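Taking it in order: structure first as C-alpha cells, then the write-up.
The values are calculated or read from the model by the stated rules, or taken from the named source; none is laboratory data. Remember, it's a predicted structure, so these values are computed and weren't measured experimentally. Note that each Cβ is placed from the backbone with ideal geometry, even for glycine, and that neighbours are counted across all protein chains shown. Just the protein is used for accessible areas: all its heavy atoms, side chains included, with ligands, DNA and RNA removed. Shrake-Rupley method; radii C 1.70, N 1.55, O 1.52, S 1.80 Å.
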Amino acid sequence: MNFLTKRLLDMSLSKKLFWLVLICCVIASFLFVHNNYAFYDDTIVAVTATKIVDEQTVTDRHDNMDKLFTQYVSAVVKNGSAQGDTIRLTNNYSKSQAFDEPYKVGDELFVTLTSSDAKKMSATITGVKRDKYLLLVAWILAIVLLLVGKKQGFSSLLTLLVNAVILSFALDLYITQSNQSLLWISAGCIILFTILSLLFVNGRNKKTAAAIIATLLGTFSSLLITYLALTVTSGKGLRYEELQFITRPYEIVFMAGLFIGALGAVMDVAITMSTSMFSLYDKDPTMSIKALKKSGLEIGKDIMGTMTNVLFFAYVSGSIPMLILYFKNTLPFGYTLSVNLSLEIVRALAGGLGIVLTIPLGLYSALFFIKRQRAKL
C-alpha cells in the first residue's frame, strides 16, 4: 500500500489525469454494456432460474458415450415490446458440449420469440450475449499494455484500434462491392497496417524506414512465391471444405488470409532486425559493415526458429478440437490431417517463408541506412 501511495505521489499531474480519465472510461464502459439492451435488434433475456428435467445416456456406433440433458430456463425479457415479461425456455445440451452448452442464473441470451402471447410466451435460444466478457478482456489487455509499454504501449493500443477499423472497412468494401478484388484490398491493407503500426510504435526514423521496407518486401515476396507454387501445383492436396460455405471464390479468400496472417510475424522479425542493427551501430559507430552483417546474421538465426514455431503452433492449435473429434471417431490418420491441417500448414509455411526472407531483407535494409548515415559523418 505504501508503495502504491509513493508511486501515486511521484506521478506528474498529467499522468494522474490520464489514469483518472482511464478509470472513468472503464467504469462508464462497464455500465454501458450492462445496460445496452435497447441498442440490440434481437430480443435479449436474462436467466433467473434453471432446472434439469431430463437426463439420458447415449452411445454412438463407435461406442462413444455421452449424456444428454434437458434444461428448463426461466428468464426475463430485457428489451423490445415484451420487456419485463417472464419467459420459459427449453435448452437441450450434452455433457461433451460440442455444439451446445448449459445456462446458469445471470446469463444473458439472444432469443427469437415464437409466441408473443402474454400468458404463454415461448422462444428459441439463438446465442449468448458476451459483450461484457469481451470488454473485460479488452480492458485487461489495454491496461497491461499501458503499464508495461507506457508510451509505446499506448501507441500499440492506438495502432491496434486503427488497424481494426481499417480491416473492418476493407471487409465491408469487399462485401458491398462485389467487383472489387480481395487480393488488391488485402495488399492495400498490408501497406497501411505496416506503415501505421511501425510509425506509431517506433516513430519516424531510419530504423522504422528500414523495418517498413523489409516488412513489405518480405510479405509480398513470400506471398508471390506461395501463389506461384499453388498455381503450378493447381492447389492439389488442399482441402477447402471449411471455406466452401462462402459465396465468393474461396481460393482468393484463402490467399487474402495468407496476406494478413503472415504480416504480423514478418513485421516482428523486420523491426527486430532493424532495431538490433541500429543498436549495434549506436553502441559502436566504428564497427565495420562486415562485423555488423555477421552480428545481424547471428541474430537472424536465433529468431528464425522460434518465430517459425510460433506461427506453426498458432495455426495448428486452432484445429486441435477437430483433430480430437476425428480421431475419436476412428477416422483414418492421413484423412484427418489432410482435412483439418492442409490449409493451416500452408499458412504456416507461407509465414515461415516470409520470416526467412525478411531476415536478410531486414539486415540489408538496415545496413543501407547505416551506410548512408556513416557517409554523412
Self-check item: Unique residue being open to solvent by 30 Å² or more (accessible area, probe 1.4 Å), closer than 26 Å to residue 356 by Cα and either modelled with pLDDT of 80 or more or in the same structural domain as residue 339 (by TED's automatic domain parsing) (or both) when the list is 186, 197, 168, 221
Solution: 221
Quiz item: in a helix (DSSP H, G or I), in contact (Cβ under 8 Å) with a residue 24 or more places away in the chain and among the hydrophobic types (A, V, I, L, M, F, W, C): does that describe residue 38?
Solution: yes
Quiz item: Looking at 146, 160, which one is over 30 Å from residue 89 (Cα atoms), in contact (Cβ under 8 Å) with a residue 12 or more places away in the chain and either over 16 Å from the mean Cα position of the chain (by Cα) or open to solvent by less than 100 Å² (accessible area, probe 1.4 Å) (or both)?
Solution: 146
Self-check item: Within segment 309-354, considering residues that are open to solvent by 50 Å² or more (accessible area, probe 1.4 Å) and among the polar types (S, T, N, Q), the one nearest to residue 60 (Cα to Cα)
Solution: 330
Exercise. Show the residue pairs that are 6+ apart or on different chains and have beta-carbon atoms under 8 Å apart, the first residue being within segment 46-69 and outside the structural domain of residue 95 (by TED's automatic domain parsing) and more than 30 Å from residue 83 (Cβ to Cβ), the second being charged (D, E, K, R) and surrounded by 11 or more Cβ atoms within 10 Å (Cβ to Cβ).
Key: none
Exercise. For segment 33-80, name all the residues that are of a type in the set (Val, Ile, Thr) and either more than 22 Å from residue 97 (Cα to Cα) or open to solvent by 40 Å² or more (accessible area, probe 1.4 Å) (or both).
Key: 33, 43, 44, 48, 50, 52, 53, 57, 58, 59, 76, 77
Quiz item: Restricting segment 66-102 to residues that are among the aliphatic types (A, V, I, L, M) and at pLDDT 85 or above, which is farthest from residue 56 (Cα to Cα)?
Solution: 77
Self-check item: Near pairs, Cβ below 6 angstrom, 6+ apart or cross-chain, from segment 247-271 (surrounded by fewer than 16 Cβ atoms within 10 Å (Cβ to Cβ)) to any residue that is modelled with pLDDT of 80 or more
Solution: 252/182
